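Report on the structure given below.
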Amino acid sequence: MQAAAARRAFSSLASKIHPQLPLTPRESQQLLTLLTTSFRSHLDREYPTGPSEAPPPSTTTQIVKVEQRRRVPSSYDSASEHIDSILSNPLFARRPHRRGSDSAAADALKDPLAWFLDQAAIGTADISKAILCLDVLQRSQNKSNGRRSSLSNNDTRPASMIAEWLRTSGEETSKDFLVSSPTMNGAPRRSLVNRLVPLLLAEGNHAPLWRWYTYEPEEGGVPNKAQITPFKGQLLKEMINAARTRDEAFTIFLQAYRMTKTDERNADVKSLQVAGARLVNMVVASSQVPCTPELYEQFALSTHGWLFTWKPVVQAMLCLCHPTQADPEPGLKLIKNPDSIIGPTLLKQSRQKFLVRMCLGVAQQLIKAERFADAQIAMQFTKEHFADLVMVKYHSSSHHAINQKVSDQKRIREEKRNIALLERLVVT
């Protein structure tokens, strides 16, 4: 009899604590408060904070003790952070709207971010849907503003929301996110990270980017380290491309350099080489862009850790493009000792063009300094070893002029100036 009464009492108590769903908002809040209080009480029992001690007479010791007590982790704070992180997840923060496929497609076009968060709430979000969300947002933004800009609107930060979904869902360590599959023509597909990088930088949220860059897969896991090396290189390159100023680009690269173990056998050095090459090309293409000389010099010094056989030529070019103190001497020294650079140069045509540009830049700087003999040495070296790159036949037919691309026109003008400079030196 007493057992039956106990069961009835327990059943009544259980029905009050956890009634059948759906709950009313007030009941849901009561249940959440009960679970939260219970969870915090359990943490307080398992990980109690030490009892406060009376401060000793010494003022210095007192300050030390106070600082030590401040650093003791609070179970209450830990529980609050844990619960907040759970409740902020789209799975709990949103009530999904289940609709037909036609309505879902209309929602994706009308409000792509809300549509994606609904997909996350019902557990059907994936990488392809995140890409679709950002693409629709970008197209609508470009259409309304007529230019490419941040998608952020007041407190709405779509890139940060998608990055948080990647973290909480575990997708940021998946093969779909880290390994980009090629397109039909073999070119790398524009992945989700390419879309997220400029938006996250515009939103001021760098934490996900560095978390992805420093991710190390488990031994024997999928994807493996070799598979995510291209991802890291592309990630850092996109961060350099999306930097709003030259100083920001230098700062991003130098932070990645400090995070990477600079060893020629380390696969992560390849990511520095990809991004570093991009940054060097940006400097060479527009050396007049303002930047802080100290940051520029730190970047130039960093080449010791991620460049190897090609390092002397790149360093000479960076000395030539210094924002305040352009110096042709390192380049002239290489030109006078060609054996150290001709071998590596002959491997790739891109390196040949880079070296020719460095030699022409050295010659121009020497002419400005009225060092005509040294300038003629630089031009003679260029003509002797790379005549096919500087001696170009020009066609004046109107058909050729109409169909010539803008980039080709710029290259032709530059080569004409090079030939004129060469003829001037010959006369001198």
Next item on the list: Provide the gained length on full extension for the span Arg371 to Thr214, in nm with one decimal, where the gain is 0.36 nm per separating residue minus the Cα-Cα distance.
Entry: 51.7 nm
Checklist line | Label point 7 Å beyond Cα of Glu294 along Cβ direction - residues of the stretch 320-335 with amide nitrogen under 18 Å | finding: 323-325
Item checked: Above-threshold pairs, the threshold being 19 Å between Cα atoms, out of Lys129/Lys232; Lys311/Lys348; Lys129/Lys270 -> Lys129/Lys232; Lys129/Lys270
Next item on the list: Taking only the C-alpha atoms, wrap a convex hull around the stretch 256-394 and report its volume per residue in Å³ as a whole number.
Entry: 124 Å³
Item checked: Qualifying trypsin sites (Lys or Arg not before Pro) in the stretch 236-314, DSSP loop, other Cβ atoms within 10 Å at most 15 -> Arg244, Lys261, Arg265
Next item on the list: Could you give the C-alpha radius of gyration of the stretch 223-293 expressed as a fraction of 2.2 N^0.38 Å, taking N as the number of residues it contains?
Entry: 1.14
Next item on the list: Filter the cross-link list Lys143/Lys175; Lys237/Lys353; Lys237/Lys383 down to pairs whose alpha-carbon distance in this structure exceeds 25 Å.
Entry: Lys143/Lys175; Lys237/Lys383
Check: Which loop-located GluC sites (Glu not before Pro) does the stretch 238-272 contain, where loop means any DSSP state but H, G, I, E or B and the Cβ has at most 11 other Cβ atoms within 10 Å?
Finding: Glu264
Check: Applying the Karplus parametrisation 6.51 cos²θ - 1.76 cosθ + 1.60 with θ = phi - 60° to the phi angles of the stretch 358-369, what ³J(HN,Hα) value in whole Hz is obtained for each residue in order, glycine and proline being reported as x?
Finding: 5, 5, 5, x, 4, 4, 5, 5, 5, 5, 4, 7
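Values in this text are rule-based calculations from the coordinates and carry no lab data. Values in this document were obtained by computation on a predicted structure and should not be read as measured data. Virtual Cβ from ideal backbone geometry, glycine too; neighbours counted across all protein chains shown.
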